Amino acid sequence: MVSKAYILDEQVGFLMRIAGQRHSIIFQQHVPLGLTPPQFSVLIKVLELGSCSQNELGRRTAMDVATIKGVIDRLRTRKLVTVRSDLKDKRRSVVEPTEETKSYADLLKQAGLLISDLTLDPLTTKERDLFLKLLKKLCS
């Protein structure tokens with residue numbers, strides 16, 4: 001039985017939502033190319049991997065099948081990724097960064113680092129390390 005009083009301002013979900021809103025504002029102010037957070041994640045991951053199946057890309061960016069398909073479709077329309085059939089399995093789609101996206105790689109990564117740094121700005125270095133460690137634990 002819970003014996004503490006329920007105070008909204010002290011609840012994890014409420015605080016995570018406020019922190020998420022703060023991060024979203026910082027992201028929108030500093031992300032290049034007008035990307036959404038899911039689009040940014042997909043581009044960073046596909047740049048990291050070079051090429052990847054659409055399903056694997058969805059798993060690696062924590063997106064369900066419908067979401068990853070929509071994100072990839074929008075990125076393909078903007079000519080930031082290409083999609084082709086896998087040479088070994090025609091049922092699989094392989095996603096690759098375009099040359100244009102490759103030329104933006106450093107810009108995207110630097111923006112990501114800046115966004116993370118600004119989001120964590122109120123914390124000391126030690127607090128940042130602990131916060132990220134605990135957040136990863138919550139996500140596992």
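The values are calculated or read from the model by the stated rules, or taken from the named source; none is laboratory data. The model shown is predicted, which means the values in this text are computed figures rather than measured ones. Ideal geometry is used to build each Cβ from the backbone, glycine not excepted, and the neighbour counts take in all protein chains shown. These area figures cover heavy atoms from the full protein model, side chains too; ligands, DNA and RNA do not enter into them. Shrake-Rupley method; radii C 1.70, N 1.55, O 1.52, S 1.80 Å.
Based on what the data block shows, is Val65 touching a strand residue (DSSP E or B) at 6+ places or on another chain (Cβ under 8 Å) and not small (Gly, Ala, Ser)? In short, no. If only residues of segment 100-126 that are among the acidic types (Asp, Glu) and open to solvent by 90 Å² or more (accessible area, probe 1.4 Å) are counted, the one that is nearest to the chain's Cα centre (by Cα) is Asp106. Annotation note: Cβ proximity below 6 Å between a residue of segment 110-137 that is among the hydroxyl-bearing types (Ser, Thr, Tyr) and a residue that is part of a helix (DSSP H, G or I) and surrounded by 10 or more Cβ atoms within 10 Å (Cβ to Cβ) (sequence gap 6+ or interchain) occurs for Thr119/His23; Thr119/Ile26.
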